[in-house]
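The values are calculated or read from the model by the stated rules, or taken from the named source; none is laboratory data. Everything numeric here is computed off the predicted structure, so don't read it as measured data. Glycine gets a Cβ as well: all are built from the backbone with ideal geometry, and neighbour counts include every protein chain shown.
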There are 2 protein chains.
Amino acid sequence: MIKKVLIAEDHESASISVQKTLEQLGIVQSEYAYYCDDALLSVEKALQNGDSYDLLITDLSFEKDHRPQKTTSGSALIIAVRKVQPDLKVLVFSAENRSAVIVQLFENLGIDGYVRKARGDAKELLKAINHIDNNQRYCSQETIQLMKQSKSHDFSELDIAIISQMISGKKQKEISSYLKEHNIFPSSTSSIEKRLNYIKGTFDFSSNEQLIAYCVKMGIV
Amino acid sequence: MIKKVLIAEDHESASISVQKTLEQLGIVQSEYAYYCDDALLSVEKALQNGDSYDLLITDLSFEKDHRPQKTTSGSALIIAVRKVQPDLKVLVFSAENRSAVIVQLFENLGIDGYVRKARGDAKELLKAINHIDNNQRYCSQETIQLMKQSKSHDFSELDIAIISQMISGKKQKEISSYLKEHNIFPSSTSSIEKRLNYIKGTFDFSSNEQLIAYCVKMGIV
DNA sequence: TTCTTATTTACGGATTTCCGTAAATAAGAA
DNA sequence: TTCTTATTTACGGAAATCCGTAAATAAGAA
(Lines give C-alpha, C1' and ligand atoms only; values in the text may rest on other atoms or scores of the structure.)
Protein backbone atom coordinates (compact mmCIF):
# COMPACT_ATOMS: atom_id res chain seq x y z
CA MET A 1 0.00 0.00 0.00
CA ILE A 2 1.44 3.32 -1.05
CA LYS A 3 1.27 5.76 1.80
CA LYS A 4 4.30 7.96 1.55
CA VAL A 5 5.45 9.54 -1.69
CA LEU A 6 8.36 11.72 -2.71
CA ILE A 7 8.11 14.01 -5.72
CA ALA A 8 11.34 15.01 -7.44
CA GLU A 9 10.48 17.71 -9.96
CA ASP A 10 12.08 21.07 -10.60
CA HIS A 11 9.04 22.66 -12.21
CA GLU A 12 6.96 23.99 -9.36
CA SER A 13 3.81 23.89 -11.45
CA ALA A 14 4.23 20.23 -12.34
CA SER A 15 5.00 19.38 -8.75
CA ILE A 16 1.79 21.07 -7.61
CA SER A 17 -0.26 19.01 -10.01
CA VAL A 18 1.28 15.78 -8.85
CA GLN A 19 0.60 16.74 -5.26
CA LYS A 20 -3.01 17.42 -6.11
CA THR A 21 -3.30 14.04 -7.79
CA LEU A 22 -1.91 12.36 -4.68
CA GLU A 23 -4.47 14.20 -2.56
CA GLN A 24 -7.20 12.81 -4.77
CA LEU A 25 -5.89 9.33 -4.03
CA GLY A 26 -5.97 10.05 -0.32
CA ILE A 27 -2.20 10.02 -0.04
CA VAL A 28 -1.47 12.69 2.54
CA GLN A 29 2.19 11.94 3.22
CA SER A 30 3.80 13.51 0.21
CA GLU A 31 7.02 15.44 0.16
CA TYR A 32 8.58 17.26 -2.74
CA ALA A 33 12.07 18.25 -3.81
CA TYR A 34 13.15 20.69 -6.49
CA TYR A 35 16.63 19.21 -6.75
CA CYS A 36 17.84 15.64 -7.15
CA ASP A 37 20.31 15.95 -4.29
CA ASP A 38 17.51 17.02 -1.95
CA ALA A 39 15.40 14.11 -3.11
CA LEU A 40 18.17 11.61 -2.46
CA LEU A 41 18.74 13.12 0.97
CA SER A 42 15.05 12.79 1.80
CA VAL A 43 15.07 9.12 0.83
CA GLU A 44 18.13 8.47 2.97
CA LYS A 45 16.74 10.32 5.98
CA ALA A 46 13.35 8.67 5.82
CA LEU A 47 15.01 5.28 5.63
CA GLN A 48 17.16 6.00 8.67
CA ASN A 49 14.11 7.11 10.63
CA GLY A 50 12.36 3.86 9.76
CA ASP A 51 9.76 5.85 7.90
CA SER A 52 10.79 5.17 4.33
CA TYR A 53 9.02 6.25 1.17
CA ASP A 54 6.85 3.85 -0.80
CA LEU A 55 7.05 5.66 -4.13
CA LEU A 56 9.27 8.15 -5.88
CA ILE A 57 7.71 10.20 -8.66
CA THR A 58 10.44 11.90 -10.62
CA ASP A 59 11.04 13.98 -13.70
CA LEU A 60 13.99 13.16 -15.97
CA SER A 61 15.52 16.51 -16.77
CA PHE A 62 16.47 18.94 -14.07
CA GLU A 63 17.76 22.30 -15.04
CA LYS A 64 21.08 23.57 -13.74
CA ASP A 65 21.03 26.77 -11.76
CA HIS A 66 23.16 28.59 -9.20
CA ARG A 67 23.03 25.65 -6.78
CA PRO A 68 25.67 23.12 -7.77
CA GLN A 69 24.37 19.55 -7.66
CA LYS A 70 25.97 16.13 -7.55
CA THR A 71 23.00 14.34 -9.08
CA THR A 72 21.72 16.25 -12.08
CA SER A 73 19.20 14.02 -13.82
CA GLY A 74 16.28 11.79 -13.06
CA SER A 75 18.12 8.72 -14.32
CA ALA A 76 21.06 9.42 -12.03
CA LEU A 77 18.66 9.98 -9.15
CA ILE A 78 16.97 6.64 -9.76
CA ILE A 79 20.31 4.84 -9.79
CA ALA A 80 21.31 6.60 -6.59
CA VAL A 81 18.10 5.90 -4.66
CA ARG A 82 18.13 2.28 -5.77
CA LYS A 83 21.46 1.90 -4.00
CA VAL A 84 20.10 3.08 -0.67
CA GLN A 85 16.56 1.68 -0.94
CA PRO A 86 16.26 -0.99 -3.66
CA ASP A 87 12.59 -1.73 -3.01
CA LEU A 88 11.45 1.86 -3.54
CA LYS A 89 8.95 2.02 -6.37
CA VAL A 90 9.75 4.54 -9.08
CA LEU A 91 7.33 6.33 -11.37
CA VAL A 92 8.82 8.60 -14.02
CA PHE A 93 6.78 11.63 -15.02
CA SER A 94 8.42 13.39 -17.90
CA ALA A 95 7.85 15.03 -21.27
CA GLU A 96 10.37 12.66 -22.85
CA ASN A 97 8.93 10.91 -25.89
CA ARG A 98 12.00 9.31 -27.45
CA SER A 99 11.41 5.60 -27.36
CA ALA A 100 15.07 4.69 -26.85
CA VAL A 101 15.15 6.69 -23.64
CA ILE A 102 11.93 5.22 -22.27
CA VAL A 103 12.88 1.65 -23.15
CA GLN A 104 16.15 2.15 -21.33
CA LEU A 105 14.27 3.34 -18.23
CA PHE A 106 12.29 0.12 -18.03
CA GLU A 107 15.06 -2.24 -19.08
CA ASN A 108 18.15 -0.82 -17.43
CA LEU A 109 16.75 1.09 -14.48
CA GLY A 110 13.76 -1.15 -13.86
CA ILE A 111 11.29 1.64 -13.24
CA ASP A 112 7.74 0.73 -12.26
CA GLY A 113 5.90 3.17 -14.43
CA TYR A 114 6.16 5.90 -17.00
CA VAL A 115 3.68 8.73 -17.55
CA ARG A 116 4.36 11.24 -20.25
CA LYS A 117 3.50 14.89 -19.72
CA ALA A 118 0.81 15.31 -22.36
CA ARG A 119 -2.95 15.53 -22.79
CA GLY A 120 -4.67 13.73 -19.96
CA ASP A 121 -1.47 13.21 -18.01
CA ALA A 122 -3.14 13.89 -14.65
CA LYS A 123 -5.66 11.11 -15.23
CA GLU A 124 -2.84 8.87 -16.34
CA LEU A 125 -0.94 9.57 -13.16
CA LEU A 126 -3.91 8.32 -11.18
CA LYS A 127 -4.00 5.12 -13.18
CA ALA A 128 -0.27 4.59 -12.94
CA ILE A 129 -0.17 5.01 -9.18
CA ASN A 130 -3.03 2.57 -8.78
CA HIS A 131 -1.24 0.04 -10.97
CA ILE A 132 1.95 0.38 -8.99
CA ASP A 133 -0.01 0.09 -5.77
CA ASN A 134 -1.08 -3.34 -7.04
CA ASN A 135 2.52 -4.22 -7.76
CA GLN A 136 1.99 -3.88 -11.50
CA ARG A 137 4.18 -1.95 -13.82
CA TYR A 138 2.47 0.87 -15.68
CA CYS A 139 3.04 2.05 -19.19
CA SER A 140 0.33 3.72 -21.22
CA GLN A 141 -0.92 2.24 -24.46
CA GLU A 142 0.48 5.23 -26.29
CA THR A 143 3.91 4.71 -24.79
CA ILE A 144 3.90 1.00 -25.59
CA GLN A 145 3.07 1.92 -29.16
CA LEU A 146 5.94 4.36 -29.16
CA MET A 147 8.39 1.79 -27.86
CA LYS A 148 7.34 -0.82 -30.41
CA GLN A 149 8.14 1.30 -33.43
CA SER A 150 11.59 1.61 -31.91
CA LYS A 151 13.20 0.23 -35.08
CA SER A 152 15.49 -1.77 -32.97
CA HIS A 153 18.99 -1.66 -34.21
CA ASP A 154 21.11 -2.24 -31.13
CA PHE A 155 23.59 0.54 -31.03
CA SER A 156 26.73 -0.99 -29.58
CA GLU A 157 29.30 0.80 -27.50
CA LEU A 158 31.31 1.06 -30.69
CA ASP A 159 28.44 2.61 -32.64
CA ILE A 160 27.75 5.15 -29.94
CA ALA A 161 31.43 6.02 -29.68
CA ILE A 162 31.73 6.56 -33.42
CA ILE A 163 28.59 8.63 -33.66
CA SER A 164 29.44 10.69 -30.60
CA GLN A 165 32.84 11.48 -32.04
CA MET A 166 31.28 12.50 -35.32
CA ILE A 167 28.95 14.81 -33.46
CA SER A 168 31.90 16.47 -31.82
CA GLY A 169 33.34 17.15 -35.25
CA LYS A 170 35.98 14.46 -35.54
CA LYS A 171 36.98 12.87 -38.85
CA GLN A 172 37.52 9.17 -39.44
CA LYS A 173 41.25 9.19 -38.73
CA GLU A 174 40.74 11.02 -35.46
CA ILE A 175 37.93 8.67 -34.50
CA SER A 176 40.20 5.71 -35.19
CA SER A 177 42.84 7.12 -32.82
CA TYR A 178 40.18 7.83 -30.24
CA LEU A 179 38.94 4.25 -30.37
CA LYS A 180 42.46 2.87 -30.02
CA GLU A 181 43.09 5.11 -27.01
CA HIS A 182 39.91 3.96 -25.34
CA ASN A 183 40.48 0.30 -26.19
CA ILE A 184 37.35 0.00 -28.27
CA PHE A 185 37.68 -2.52 -31.10
CA PRO A 186 37.63 -2.72 -34.03
CA SER A 187 39.23 0.66 -34.45
CA SER A 188 40.60 1.00 -37.98
CA THR A 189 39.19 3.61 -40.30
CA SER A 190 38.18 0.75 -42.53
CA SER A 191 36.13 -0.81 -39.77
CA ILE A 192 34.57 2.53 -38.94
CA GLU A 193 33.46 2.85 -42.55
CA LYS A 194 32.14 -0.69 -42.52
CA ARG A 195 30.20 -0.12 -39.36
CA LEU A 196 28.69 3.13 -40.55
CA ASN A 197 27.72 1.52 -43.82
CA TYR A 198 26.12 -1.36 -42.03
CA ILE A 199 24.06 0.88 -39.76
CA LYS A 200 23.03 3.13 -42.63
CA GLY A 201 22.06 0.01 -44.54
CA THR A 202 19.75 -1.28 -41.83
CA PHE A 203 17.95 2.06 -41.70
CA ASP A 204 18.09 2.68 -45.43
CA PHE A 205 19.93 5.93 -44.84
CA SER A 206 22.18 7.36 -47.51
CA SER A 207 24.25 9.89 -45.61
CA ASN A 208 25.88 10.43 -42.25
CA GLU A 209 23.82 13.55 -41.75
CA GLN A 210 20.67 11.45 -41.93
CA LEU A 211 22.02 9.01 -39.39
CA ILE A 212 23.13 11.75 -37.00
CA ALA A 213 19.73 13.45 -37.17
CA TYR A 214 18.04 10.14 -36.39
CA CYS A 215 20.29 9.34 -33.44
CA VAL A 216 19.90 12.77 -31.90
CA LYS A 217 16.14 12.74 -32.39
CA MET A 218 15.86 9.29 -30.86
CA GLY A 219 18.07 10.10 -27.91
CA ILE A 220 20.61 7.41 -28.78
CA VAL A 221 23.36 9.96 -28.22
CA MET B 1 -9.28 44.12 -13.28
CA ILE B 2 -8.79 40.55 -14.40
CA LYS B 3 -11.87 38.52 -13.60
CA LYS B 4 -12.25 35.98 -16.34
CA VAL B 5 -9.39 33.88 -17.64
CA LEU B 6 -9.00 31.28 -20.34
CA ILE B 7 -6.28 28.66 -20.15
CA ALA B 8 -5.10 27.07 -23.38
CA GLU B 9 -2.84 24.19 -22.50
CA ASP B 10 -2.79 20.62 -23.71
CA HIS B 11 -1.00 19.15 -20.69
CA GLU B 12 -3.70 18.46 -18.17
CA SER B 13 -1.23 18.64 -15.30
CA ALA B 14 0.01 22.08 -16.28
CA SER B 15 -3.54 23.30 -16.75
CA ILE B 16 -4.44 22.14 -13.25
CA SER B 17 -1.58 24.10 -11.77
CA VAL B 18 -2.56 27.27 -13.55
CA GLN B 19 -6.12 26.85 -12.36
CA LYS B 20 -4.91 26.48 -8.82
CA THR B 21 -2.83 29.64 -9.13
CA LEU B 22 -5.85 31.53 -10.36
CA GLU B 23 -7.84 30.28 -7.38
CA GLN B 24 -5.17 31.66 -5.10
CA LEU B 25 -5.67 35.04 -6.74
CA GLY B 26 -9.39 34.84 -6.17
CA ILE B 27 -10.13 34.47 -9.85
CA VAL B 28 -13.07 32.11 -9.97
CA GLN B 29 -14.12 32.52 -13.57
CA SER B 30 -11.54 30.40 -15.30
CA GLU B 31 -12.11 28.12 -18.24
CA TYR B 32 -9.67 25.79 -19.87
CA ALA B 33 -9.15 24.27 -23.29
CA TYR B 34 -6.91 21.40 -24.35
CA TYR B 35 -6.94 22.42 -28.00
CA CYS B 36 -6.28 25.76 -29.69
CA ASP B 37 -9.45 25.55 -31.76
CA ASP B 38 -11.51 25.12 -28.61
CA ALA B 39 -9.78 28.08 -27.02
CA LEU B 40 -10.47 30.31 -30.01
CA LEU B 41 -14.10 29.22 -30.00
CA SER B 42 -14.42 30.06 -26.32
CA VAL B 43 -13.03 33.54 -26.89
CA GLU B 44 -15.46 34.14 -29.76
CA LYS B 45 -18.46 32.87 -27.85
CA ALA B 46 -17.68 34.84 -24.72
CA LEU B 47 -17.29 37.97 -26.80
CA GLN B 48 -20.66 37.41 -28.49
CA ASN B 49 -22.32 36.92 -25.13
CA GLY B 50 -20.87 40.20 -23.89
CA ASP B 51 -18.93 38.30 -21.27
CA SER B 52 -15.48 38.38 -22.77
CA TYR B 53 -12.26 37.11 -21.25
CA ASP B 54 -9.77 39.45 -19.63
CA LEU B 55 -6.74 37.21 -19.97
CA LEU B 56 -5.58 34.28 -22.05
CA ILE B 57 -2.89 32.07 -20.56
CA THR B 58 -1.49 29.83 -23.26
CA ASP B 59 1.22 27.31 -23.94
CA LEU B 60 3.18 27.47 -27.18
CA SER B 61 3.39 23.89 -28.36
CA PHE B 62 0.32 21.74 -28.70
CA GLU B 63 0.73 18.15 -29.64
CA LYS B 64 -1.11 16.71 -32.59
CA ASP B 65 -3.45 13.82 -31.95
CA HIS B 66 -6.43 12.13 -33.52
CA ARG B 67 -8.47 15.36 -33.48
CA PRO B 68 -7.52 17.44 -36.53
CA GLN B 69 -7.05 21.11 -35.68
CA LYS B 70 -6.95 24.32 -37.67
CA THR B 71 -4.86 26.20 -35.16
CA THR B 72 -1.98 24.09 -33.98
CA SER B 73 0.31 26.34 -31.98
CA GLY B 74 0.20 28.97 -29.28
CA SER B 75 1.56 31.62 -31.64
CA ALA B 76 -1.15 30.89 -34.19
CA LEU B 77 -3.75 31.00 -31.44
CA ILE B 78 -2.53 34.39 -30.25
CA ILE B 79 -2.72 35.80 -33.78
CA ALA B 80 -6.21 34.37 -34.19
CA VAL B 81 -7.63 35.68 -30.91
CA ARG B 82 -6.10 39.11 -31.51
CA LYS B 83 -8.21 39.32 -34.65
CA VAL B 84 -11.47 38.76 -32.79
CA GLN B 85 -10.59 40.50 -29.52
CA PRO B 86 -7.56 42.79 -29.84
CA ASP B 87 -7.66 44.02 -26.25
CA LEU B 88 -7.41 40.54 -24.73
CA LYS B 89 -4.33 40.29 -22.56
CA VAL B 90 -2.06 37.36 -23.33
CA LEU B 91 0.30 35.57 -20.98
CA VAL B 92 2.44 32.82 -22.46
CA PHE B 93 3.35 29.91 -20.18
CA SER B 94 5.77 27.60 -21.90
CA ALA B 95 8.95 25.60 -21.53
CA GLU B 96 10.46 27.42 -24.48
CA ASN B 97 13.87 28.84 -23.65
CA ARG B 98 15.21 29.85 -27.04
CA SER B 99 15.66 33.57 -26.83
CA ALA B 100 14.82 34.16 -30.47
CA VAL B 101 11.37 32.67 -29.98
CA ILE B 102 10.61 34.65 -26.84
CA VAL B 103 11.81 37.93 -28.32
CA GLN B 104 9.53 37.33 -31.27
CA LEU B 105 6.56 36.82 -28.95
CA PHE B 106 7.00 40.24 -27.38
CA GLU B 107 8.00 42.10 -30.52
CA ASN B 108 5.78 40.59 -33.19
CA LEU B 109 2.82 39.27 -31.26
CA GLY B 110 2.86 41.90 -28.52
CA ILE B 111 2.21 39.51 -25.68
CA ASP B 112 1.78 40.91 -22.19
CA GLY B 113 3.86 38.42 -20.30
CA TYR B 114 6.05 35.36 -20.50
CA VAL B 115 6.55 32.79 -17.77
CA ARG B 116 8.84 29.88 -18.44
CA LYS B 117 8.00 26.45 -17.06
CA ALA B 118 10.89 26.01 -14.64
CA ARG B 119 11.76 26.17 -10.97
CA GLY B 120 9.38 28.50 -9.16
CA ASP B 121 7.12 28.90 -12.18
CA ALA B 122 3.94 28.87 -10.08
CA LYS B 123 5.14 31.81 -8.00
CA GLU B 124 6.15 33.55 -11.18
CA LEU B 125 2.69 33.06 -12.62
CA LEU B 126 1.27 34.90 -9.61
CA LYS B 127 3.63 37.80 -10.15
CA ALA B 128 2.98 37.91 -13.87
CA ILE B 129 -0.79 37.99 -13.50
CA ASN B 130 -0.53 40.76 -10.93
CA HIS B 131 1.70 42.76 -13.26
CA ILE B 132 -0.69 42.34 -16.15
CA ASP B 133 -3.58 43.27 -13.89
CA ASN B 134 -1.80 46.58 -13.40
CA ASN B 135 -1.41 46.96 -17.15
CA GLN B 136 2.28 46.18 -16.99
CA ARG B 137 4.08 43.73 -19.16
CA TYR B 138 5.81 40.90 -17.35
CA CYS B 139 9.05 39.19 -18.15
CA SER B 140 11.20 37.60 -15.48
CA GLN B 141 14.73 38.72 -14.79
CA GLU B 142 15.96 35.34 -15.92
CA THR B 143 14.13 35.62 -19.23
CA ILE B 144 15.46 39.13 -19.83
CA GLN B 145 18.93 37.75 -19.22
CA LEU B 146 18.23 34.95 -21.67
CA MET B 147 17.06 37.34 -24.37
CA LYS B 148 20.16 39.49 -23.99
CA GLN B 149 22.57 36.66 -24.67
CA SER B 150 20.65 36.11 -27.87
CA LYS B 151 23.82 35.14 -29.66
CA SER B 152 21.76 32.72 -31.65
CA HIS B 153 22.38 32.60 -35.35
CA ASP B 154 19.18 33.30 -37.26
CA PHE B 155 18.54 30.31 -39.44
CA SER B 156 17.09 31.62 -42.69
CA GLU B 157 14.64 29.83 -44.92
CA LEU B 158 17.64 28.89 -47.06
CA ASP B 159 19.56 27.49 -44.10
CA ILE B 160 16.63 25.42 -42.95
CA ALA B 161 16.02 24.12 -46.45
CA ILE B 162 19.64 23.08 -46.88
CA ILE B 163 19.83 21.40 -43.49
CA SER B 164 16.49 19.66 -43.92
CA GLN B 165 17.60 18.26 -47.25
CA MET B 166 20.83 17.04 -45.74
CA ILE B 167 18.86 15.30 -43.01
CA SER B 168 16.83 13.51 -45.64
CA GLY B 169 20.07 12.20 -47.13
CA LYS B 170 20.53 14.47 -50.14
CA LYS B 171 23.90 15.49 -51.49
CA GLN B 172 24.90 18.98 -52.53
CA LYS B 173 23.97 18.58 -56.19
CA GLU B 174 20.54 17.28 -55.29
CA ILE B 175 20.05 20.07 -52.78
CA SER B 176 20.96 22.59 -55.45
CA SER B 177 18.28 21.18 -57.76
CA TYR B 178 15.80 21.18 -54.91
CA LEU B 179 16.44 24.84 -54.16
CA LYS B 180 16.02 25.78 -57.81
CA GLU B 181 12.75 23.87 -58.01
CA HIS B 182 11.43 25.63 -54.94
CA ASN B 183 12.70 29.04 -56.02
CA ILE B 184 14.98 29.48 -53.07
CA PHE B 185 18.07 31.54 -53.85
CA PRO B 186 21.00 31.38 -53.99
CA SER B 187 20.89 27.80 -55.14
CA SER B 188 24.26 26.82 -56.62
CA THR B 189 26.33 24.13 -54.98
CA SER B 190 28.95 26.77 -54.47
CA SER B 191 26.54 28.94 -52.53
CA ILE B 192 25.40 25.96 -50.48
CA GLU B 193 29.00 25.30 -49.53
CA LYS B 194 29.53 28.96 -48.68
CA ARG B 195 26.45 29.07 -46.53
CA LEU B 196 27.32 25.89 -44.65
CA ASN B 197 30.81 27.16 -44.07
CA TYR B 198 29.51 30.45 -42.79
CA ILE B 199 27.12 28.81 -40.35
CA LYS B 200 29.73 26.34 -39.17
CA GLY B 201 32.09 29.27 -38.70
CA THR B 202 29.73 31.20 -36.46
CA PHE B 203 29.30 28.16 -34.22
CA ASP B 204 32.91 27.03 -34.47
CA PHE B 205 31.81 23.67 -35.82
CA SER B 206 34.14 21.62 -37.98
CA SER B 207 31.79 19.14 -39.61
CA ASN B 208 28.30 18.85 -41.00
CA GLU B 209 27.56 16.09 -38.51
CA GLN B 210 28.21 18.53 -35.68
CA LEU B 211 25.88 21.10 -37.21
CA ILE B 212 23.13 18.58 -37.83
CA ALA B 213 23.31 17.33 -34.26
CA TYR B 214 23.04 20.89 -32.99
CA CYS B 215 20.07 21.76 -35.19
CA VAL B 216 18.16 18.63 -34.26
CA LYS B 217 18.89 19.08 -30.57
CA MET B 218 17.79 22.71 -30.68
CA GLY B 219 14.64 21.94 -32.59
CA ILE B 220 15.63 24.19 -35.48
CA VAL B 221 14.62 21.47 -37.88
C1' DT C 1 48.92 -28.62 -34.02
C1' DT C 2 46.44 -27.56 -38.73
C1' DC C 3 42.53 -26.38 -41.25
C1' DT C 4 38.50 -23.59 -41.64
C1' DT C 5 35.94 -19.62 -40.89
C1' DA C 6 35.07 -15.07 -39.35
C1' DT C 7 36.76 -10.74 -38.26
C1' DT C 8 39.75 -6.95 -38.81
C1' DT C 9 42.86 -4.19 -41.42
C1' DA C 10 45.03 -2.36 -45.62
C1' DC C 11 44.82 -0.48 -50.00
C1' DG C 12 43.30 1.92 -54.33
C1' DG C 13 40.26 4.14 -57.32
C1' DA C 14 35.76 6.65 -57.75
C1' DT C 15 32.97 10.05 -55.71
C1' DT C 16 32.01 13.80 -52.91
C1' DT C 17 33.08 17.49 -50.23
C1' DC C 18 36.19 21.21 -48.97
C1' DC C 19 38.36 25.57 -49.88
C1' DG C 20 40.31 29.21 -52.28
C1' DT C 21 40.06 32.07 -56.37
C1' DA C 22 38.22 33.96 -60.39
C1' DA C 23 34.45 35.01 -63.42
C1' DA C 24 29.70 36.39 -64.01
C1' DT C 25 25.73 38.64 -62.59
C1' DA C 26 22.91 41.83 -59.96
C1' DA C 27 22.24 46.06 -57.36
C1' DG C 28 23.08 50.86 -56.27
C1' DA C 29 25.03 55.47 -56.90
C1' DA C 30 26.70 59.18 -59.61
C1' DT D 1 24.27 55.32 -68.97
C1' DT D 2 28.85 53.95 -66.41
C1' DC D 3 31.33 52.93 -62.44
C1' DT D 4 31.45 50.71 -58.07
C1' DT D 5 30.25 47.24 -54.94
C1' DA D 6 28.14 43.12 -53.41
C1' DT D 7 26.33 38.80 -54.41
C1' DT D 8 26.16 34.61 -56.87
C1' DT D 9 28.17 31.13 -59.71
C1' DA D 10 31.92 28.48 -61.85
C1' DC D 11 36.03 26.06 -61.59
C1' DG D 12 40.08 23.27 -60.01
C1' DG D 13 43.13 21.17 -56.90
C1' DA D 14 43.34 19.16 -52.14
C1' DA D 15 41.27 16.47 -48.67
C1' DA D 16 38.03 13.26 -47.03
C1' DT D 17 34.80 9.80 -47.67
C1' DC D 18 32.82 5.91 -50.11
C1' DC D 19 33.11 1.28 -51.76
C1' DG D 20 34.89 -2.87 -53.34
C1' DT D 21 38.56 -6.23 -52.85
C1' DA D 22 42.43 -8.41 -51.00
C1' DA D 23 45.57 -9.35 -47.28
C1' DA D 24 46.31 -10.15 -42.40
C1' DT D 25 44.88 -11.58 -38.09
C1' DA D 26 42.04 -13.88 -34.67
C1' DA D 27 38.95 -17.52 -33.24
C1' DG D 28 37.13 -22.14 -33.29
C1' DA D 29 36.95 -27.04 -34.53
C1' DA D 30 39.00 -31.29 -35.68
* Structure fact -> Of the listed residues (A:Ile160, A:Ile167), the one being within 14 Å of DNA strand D (Cβ to nearest atom) and surrounded by 12 or more Cβ atoms within 10 Å (Cβ to Cβ) is A:Ile167
* Which one is nearest to B:Asn97 (Cα to Cα) among residues in the range B:205-214 that are away from DNA strand D (no atom under 13 Å from the Cβ) and either facing another protein chain (nearest Cβ under 8 Å) or among the aromatic types (Phe, Trp, Tyr) (or both)? -> B:Tyr214
* To do: Can you tell me which residue among A:Leu179, A:Leu196 is over 30 Å from A:Asp112 (Cα atoms), within 10 Å of DNA strand D (Cβ to nearest atom) and among the hydrophobic types (A, V, I, L, M, F, W, C)?
  => A:Leu196
* To do: Filter the range B:186-207 down to the residues that are touching a residue at least 24 places away in the same chain (Cβ under 8 Å) and under 27 Å from the mean Cα position of the chain (by Cα), then identify the one that is farthest from A:Asn208 (Cα to Cα).
  => B:Thr202
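Checking the conditions here, which among B:Leu56, B:Leu6, B:Leu91, B:Leu77 is outside any strand (DSSP E or B) and either under 15 Å from B:Ala128 (Cα atoms) or away from chain A (no Cβ under 14 Å) (or both)?
Criteria check complete, one pass: B:Leu77.
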* Test each condition in (1) at pLDDT below 95; (2) assigned to a helix (DSSP H, G or I) for A:Glu209 and report the one that comes out false. => (1)
* For residues that are among the hydrophobic types (A, V, I, L, M, F, W, C) and within 16 Å of A:Gln149 (Cα to Cα), tally how many sit in the range A:89-105. => 4
* Asked: Does B:Asp154 count as part of a loop (DSSP other than H, G, I, E, B) and either under 17 Å from B:Met218 (Cβ atoms) or within 13 Å of DNA strand D (Cβ to nearest atom) (or both)?
  -> yes
* **Close pairs (7 angstrom Cβ cut-off, 6 or more residues apart or separate chains): farther than 17 Å from A:Leu105 by Cβ in the range A:115-133, among the charged types (D, E, K, R) and surrounded by fewer than 18 Cβ atoms within 10 Å (Cβ to Cβ) anywhere** => A:Arg119/B:Glu63; A:Arg119/B:Asp65
* To do: Return the only residue of A:Glu96, A:Glu124, A:Glu174, A:Glu63 being part of a helix (DSSP H, G or I), within 24 Å of A:Ser17 (Cα to Cα) and within 14 Å of another protein chain (Cβ to nearest Cβ).
  => A:Glu124
* Asked: Checking B:Lys173 against (1) among the charged types (D, E, K, R); (2) touching a residue at least 12 places away in the same chain (Cβ under 8 Å); (3) under 29 Å from A:Ile220 (Cα atoms), which test does it fail?
  -> (3)
* Structure fact -> Scanning the range B:21-53 residue by residue, the ones that are within 14 Å of another protein chain (Cβ to nearest Cβ), touching a helix residue (DSSP H, G or I) at 6+ places or on another chain (Cβ under 6 Å) and not hydrophobic (A, V, I, L, M, F, W, C) total 2
